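A quick write-up on the structure given underneath.
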Amino acid sequence: MARQITLGTTRFQELGKILGYEDDIFEQKKARLFPLGNTLDEIHTTSIFLSTLSAVKEYREYLLSEIGVNKIKNRNVNLHVFTEISRNTKNGNSSADRPDGLIVLTSGKRDPVIDWISFVESKVNKNTIDYTQLKRYIDFGKEVGIKSIITISNNLTTSPFDTPVRDFKKPKGFELYHWSWTYLKVMSTRLLRMNAIQDEDHEYILKELRRYLDEHKNITNFIDMGKNWYESIQHIYESDSKKRPNYEYINNIINSYVQEEKDIALQLTDNTDYYVQLKIKNRENRLESLRSQLEEERCLISEYFVNGEKSNTFKLTIDVTRKSIACECDVVIDAGKAKRQTTLLLNMLSPAAESNILIKAIYPRNKSADAQPLGKLSKEKEDNEFYSILDKSLGDSVKMFRISLKKEIGRDMNNRKKFVENVENLCDTFLRQVIRYTFLGEK
């Protein structure tokens with residue numbers, strides 16, 4: 001005979017089995033705030049996101065303050081969201097000039113005034129922000145006094161102040177911002193992990209938004225370096241180091257890599273308990289920086305910092321010529337002489353760390369002996385031997401230790417998907433096995 005529910009006694013987690021469902025199947029039966037199905041196009045997706053923005057105070061405050069809309073944190077402000085605001089023309093509404101959304105920030109109770117306003121234009125799937133479409137919306141904005149547009153798509157940019165539209169020069173006095181769907185997903189979960197959402201109903205809404213975006217078949221993080229990656233990388237690999245590589249191939253590489261280096265930060269933040277950010281200098285022109293690295297050194301170099309501390313930095317280097325990838329960081333230990341410093345460093349690192357992690361002791365005037373594997377140094381520590389990374393002729397104390405994890409990826413360097421997998425896995429390993437113990441002090 002089938003089991004029955006006894007009120008006040010039956011545990012909730014047993015309900016699915018009583019009704020005849022496996023746990024995962026019963027979970028799918030839950031009523032959803034944002035169901036899938038016919039809600040996967042740009043308009044429905046934008047509407048669901050904007051509704052969440054309107055409902056969850058902490059979410060909208062975080063996102064808008066990140067693009068400089070600090071009034072969002074003032075008292076007595078209200079956020080209003082709209083979809084498909086058409087431009088009026090003499091012949092009626094123009095569907096060609098119809099941004100997907102509108103965000104309005106107002107203050108005042110009796111007779112609210114507009115403090116800030118922006119169009120929203122979003123894309124899903126492989127659709128990209130259109131150059132001519134953007135220009136039309138800017139013209140529309142100028143007519144009515146709207147001086148900013150937030151674009152949203154699967155494309156990633158270095159910061160929200162950059163646009164994925166290449167060679168687009170925004171008009172003077174007009175602001176252009178960009179959010180990727182991945183960024184919006186990851187930041188929602190980060191706020192939830194921080195217990196930053198005060199209202200439990202709002203917490204539920206934000207969780208439902210994340211579930212909806214995760215299951216959205218037209219929303220994805222960066223997983224593919226693009227169709228031109230193979231020939232472009234091969235060109236750099238085969239090119240004469242004394243000559244500048246072909247401009248088109250360089251552009252193919254950096255236009256993809258500028259997204260991948262941002263995605264690394266977002267995926268590390270999403271998959272760990274740490275907040276990882278791309279470290280750039282004062283809104284630098286990231287594309288030009290990457291272009292210079294590739295032309296002059298045949299490398300791509302990205303720096304990241306963890307949990308808001310810019311001293312907690314690690315570097316990722318993509319060496320196209322050697323077809324290798326590497327992560328490294330510098331750790332300073334101001335305690336005792338060289339041998340004790342080394343022992344303290346080894347005590348920090350997890351016994352389960354990769355034995356092929358390399359460590360180099362750097363002395364004053366940047367002199368050093370050869371780097372050695374962590375496994376070898378751990379054995380020397382166990383046997384109480386003199387550490388092979390130390391050299392008494394270079395000084396009594398170590399200035400800093402350079403820790404690195406390198407991988408030769410060979411043909412995977414040219415593979416548009418395996419390259420992403422290799423790079424993101426290496427960064428994840430380095431964060432979990434080195435950074436968390438050295439910079440973050442975990443045991």
Exercise for the section: Looking for whichever is more than 21 Å from Thr46 (Cα to Cα), in a strand (DSSP E or B) and over 25 Å from the mean Cα position of the chain (by Cα) here; the options are Asp139, Asp115. Which one fits? Expected result: Asp115
Completion exercise
Expected single match for assigned to a helix (DSSP H, G or I), of a type outside the set (D, E, K, R), crowded, with 18+ Cβ neighbours inside 10 Å and touching a residue at least 12 places away in the same chain (Cβ under 8 Å) among Leu191, Leu156, Leu176 is Leu191
Fill in the blank from the handout: Output for Cβ contacts, cut-off 8 Å, separation at least six or different chains, first residue assigned by TED's automatic domain parsing to the domain that holds Asp167 in segment 134-147, second surrounded by fewer than 16 Cβ atoms within 10 Å (Cβ to Cβ) and part of a helix (DSSP H, G or I), reads Arg136/Ala96
Fill in the blank from the handout: Taking segment 345-397 and keeping residues touching a residue at least 40 places away in the same chain (Cβ under 8 Å), touching a Leu at 6+ places or on another chain (Cβ under 9 Å) and assigned to a loop (DSSP other than H, G, I, E, B) leaves Leu349, Ala353, Glu354, Asn356, Ile357, Tyr387, Ile389
Problem - Residues of segment 160-171 satisfying the condition of being surrounded by fewer than 16 Cβ atoms within 10 Å (Cβ to Cβ) and modelled with pLDDT of 90 or more - result: Phe161
Practice task
Evaluate segment 25-39: report whether one residue or more is at pLDDT 70 or above, in a loop (DSSP other than H, G, I, E, B) and under 21 Å from the mean Cα position of the chain (by Cα).
Solution key: no
Fill in the blank from the handout: All-but-one check, Glu442 against (1) free of Cβ contacts under 8 Å to residues at least 40 places away in the same chain; (2) of a type outside the set (A, V, I, L, M, F, W, C); (3) in a helix (DSSP H, G or I); (4) in contact with a helix residue (DSSP H, G or I) (Cβ under 8 Å, 6 or more places away or on another chain), failing number (3)
Practice task
Evaluate segment 364-371: report whether one residue or more is within 27 Å of Ile264 (Cα to Cα), within 33 Å of the chain's Cα centre (by Cα) and assigned by TED's automatic domain parsing to the domain that holds Ala265.
Solution key: yes
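The values are calculated or read from the model by the stated rules, or taken from the named source; none is laboratory data. None of the values given here were measured: they were computed from a predicted structure. Counting neighbours? That spans all protein chains shown, and the Cβs are built from the backbone with ideal geometry, glycine included.
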